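Values quoted throughout were computed directly from the atomic coordinates according to the rules given, and no laboratory measurement underlies them. These numbers come from a predicted model, not from an experiment. All Cβ positions, glycine included, derive from the backbone under ideal geometry; neighbour counts span all protein chains shown.
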Amino acid sequence: MKKKPLYKTIWRWHFYAGILIAPFLLILAVSGGIYLFKPNIEQFLYQDYYEVEVQTEKSSAEEHINAVLNEYPDATVTRYRPGEADDRSAEVRINLDQESYTIFVNPYTNELIGQLNDKNRLIDRVEEFHGELMLGTFGDRIVELAACWTLILVTTGLFIWFPKGKRKLFGTLLPRFNKNKRILFRDMHAVTGFWLSFAIIFLVVTGLLWSGFWGTKVQTLTTNLGIGYPPSIWVGDAPESNVQTKDVADVPWSAQTMPVPESDQQGFIPFSINEIVRIADEENIYPTYEVIYPSSPEGVYTVSVFPPKAQDEATMHIDQYTGAILADYRYDHYQPLGKLMAWGITVHKGLEYGLANQIGGLIVCIGIITIVISGIVMWWKRKPDKHLGAPIAPSIWSSKRLIVLLVLFGLLFPLVGVSIIIVFLLDWLIIRRIPTLKRIFQIR
Amino acid sequence: MKNILLMIILLILLVACSPNQVNEEAINQYKTERPVEISLDLPNELKTNEDTMIEIHVSRSDVKEITASLRKHGETNNSINLDVTKKKNTYYLAQHVFQEAGIYYLQITVDTRDSNIMPTKRLIVGNLNEEEQKILEQENDHTNHDEHDHSDHH
């Protein structure tokens, strides 16, 4: 069958993008596959820290925190998480010597059960690998780029897969096991790819919401337009306390003998953590919530919870001096796109539908690994010695529709746009001017 | 066709070049609260054996209940309730004669239909002895000063 130029061009794109993106897809699939089981793995790893023997009555949040501060007098408390069940420990997050620790407290006896340096949390490191390859912002951009190019891979792949001429069940919707190896690898790649295309697009788009460039842009835009998350959940600042800073009690005086300055004779004092916990419970916040301490004298207490099901999410800001609820955002208060994103995120993480969700996610991860490996094997088996084995490049200018699509896609995902421009410049300035490279990349 | 395409491109560019900043008005498109605000007016210097006026101003007129209670530092279970009288629409008054010097905590609770607050003000009455001075210094609490991030959503 004679292949049309458009088909060749698309195959060429799929080929090069695939080779470049393959390592990242493998990393994302493996780390993602592990991360899906975060709750199970952490339950196993930290069982001794999580579980306590049930006794008659829990002591107050303040007592838990005081127990921690007695042991670590130089620490700053940043978060508190009351245990959600009778046999679950309370957690106090502290900052000590520039490092963040979680201290597990027996809520009945105020005994410190264990401490964990947060940078040693295995699953958090897996997550860091998944989200930014442990390379910070640079890694975040690379992952975002790989994710966007995955969208190109899926669409070009579907185009190549789409049966031409007579439609056959085997080789399109079902793999052919009884033919030769080459056909088997082809079917492993294309048939799996077809079946998982929707799931892959879903994972890429929901995953992109975390990305620092595209994700932040989308979050800001939808929040500003009133169609996404309310401010302060993903983007935007929390409200500030209504109490004027000058009315707040200021404690530390430099010298012990100095009399109390007159301006400090009366001042509001911060609310006790016990009261914040009481308010959170009264307002029916999902019990795995944590309380984030105010970060400045103007700041607020934030009660925040992101449970397995998006519908249970809550973010509440409480004035640290008056106890007034300044904002109370539940899933129901998210605008339509915010709800959709929240649901997408919990499904992405394998949380929304429990075990079925985790297994579904795992199947997609294994599928992605299958697609990547079979794709590489197919290329390796076919690859001639003298060049990369991509189809011969027709001029990109031959298809106007393709250019329009590329421009639109490049604008919608600016990092892709930038990378396409770089590829174009490399091609134009270097590859086309060096004969060896021209041969390798099969350009005429 | 070309015009539509141009429009789309311009629109995307416009969005792409807009700063990543949440507008201050954006918050009004979501659920908002109407928290009660309060301010307390007391004499600048509080003395013992003097009738002290505590003026309470609240920001809303639909107050269902307002209370004031006072306790001395260290006497956790020994607080007294002060009588609060309504003077005007949003203006209330309480009175008290402090018998001894020391550190006091005055807690006001204000309940409305949809917002409850209970701020506590620390009052310093008369001259403090050395022990009380120390208490104030030690209260330098261990909370705060950490950046408030959202990293745990991920």
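Taking the Cα centroid of the range A:293-327 and of the range A:57-124, what is the distance between the two, rounded to the nearest whole Å?
19
Neighbour counts of other C-beta atoms within 10 Å: give me A:W214, A:W195 arranged from fewest to most.
Values: A:W214 23, A:W195 15.
Ordered from fewest to most neighbouring Cβ atoms within 10 Å, A:W214, A:W195 come out as A:W195, A:W214.
Using only DSSP helix segments of four residues or longer, with each worth -39500 (n - 2.57), what per-residue ellipticity at 222 nm results for chain A after dividing by its residue count and rounding to 500? The partial results should precede the final answer.
On the way: 14 runs with 218 residues, N = 444.
Value at 222 nm, helices only: -16000 deg cm²/dmol.
Loop only by DSSP, 12 or fewer other Cβ within 10 Å of the Cβ. Give me the chymotrypsin sites (Phe, Trp or Tyr not before Pro) in the range A:1-60 that pass, ordered by residue number.
Counting only loop positions with at most 12 other Cβ atoms within 10 Å, none of the chymotrypsin sites (Phe, Trp or Tyr not before Pro) in the range A:1-60 qualifies.
For the protein assembly as shown, what is the convex hull (Cα atoms) projected area averaged across all directions, in square nanometres?
Details: hull surface 142.8 nm².
So the mean shadow area of the Cα hull is 35.7 nm².
Please give the peptides A:377-384, A:316-323, B:12-19 ranked by average Cβ packing (other Cβ atoms within 10 Å per residue), highest first, as a rough proxy for protection.
Working: A:377-384: 13.1, A:316-323: 25.5, B:12-19: 11.5.
Per-residue mean Cβ counts within 10 Å order the peptides as A:316-323, A:377-384, B:12-19.
With labels modelled as points extended 7 Å from the Cα through the Cβ direction, what inter-label distance (nm, one decimal) is found for A:E283 paired with A:Y353?
According to this spin-label approximation, the distance is 3.2 nm.
I'd like the distance between the alpha-carbon centres of the range A:208-227 and the range B:1-54, rounded to an integer number of Å.
Taking the Cα centre of the range B:1-54 as reference, the centre of the range A:208-227 is 18 Å away.
Under a plain spin-label model, where a point goes 7 Å from the Cα along Cα-to-Cβ, how far apart in nm are A:Q442 and A:I392?
Here the answer is 1.0 nm between the modelled labels.
At 7 Å along Cα-to-Cβ for each site, give me the label-to-label distance between A:D86 and A:D427 in nm.
Distance between the two pseudo-spin positions: 6.8 nm.
Looking at the range A:1-66, which trypsin sites (Lys or Arg not before Pro) are in a loop (DSSP not H, G, I, E or B) and have at most 12 other Cβ atoms within 10 Å?
Loop-located and lightly packed - A:K2, A:K3.
For the protein assembly as shown, what proportion of DSSP beta bridges, expressed in % and rounded to the nearest 5, is antiparallel?
95
Between A:T137 and B:C17, what FRET efficiency comes out of the Förster formula 1/(1 + (r/R0)^6) with R0 = 22 Å and r the beta carbon distance, rounded to 0.05?
On the way: r = 20 Å, r/R0 = 0.91.
For R0 = 22 Å, the calculated efficiency reads 0.65.
With the calculation restricted to Cα positions, what are the radius of gyration and Dmax of the range B:38-126 in angstrom?
Cα only, the range B:38-126: 13.0, 39 Å (Rg, Dmax).
Among the aspartates and glutamates, select those whose C-alpha is under 14 Å from the C-alpha of A:K339, and discard any that sit fewer than 8 residues away in the same chain.
Correct list for A:K339: A:D312, A:E313, A:E352.
With r as the distance between the Cβ atoms of A:W161 and A:I369 and R0 = 22 Å, compute the FRET efficiency 1/(1 + (r/R0)^6) and round to 0.05.
According to the calculation, E is roughly 0.75.
Can you give the average number of partner chain beta-carbon atoms within 10 Å of each beta-carbon in peptide A:325-333, as a whole number?
The per-residue average across the peptide is 3.
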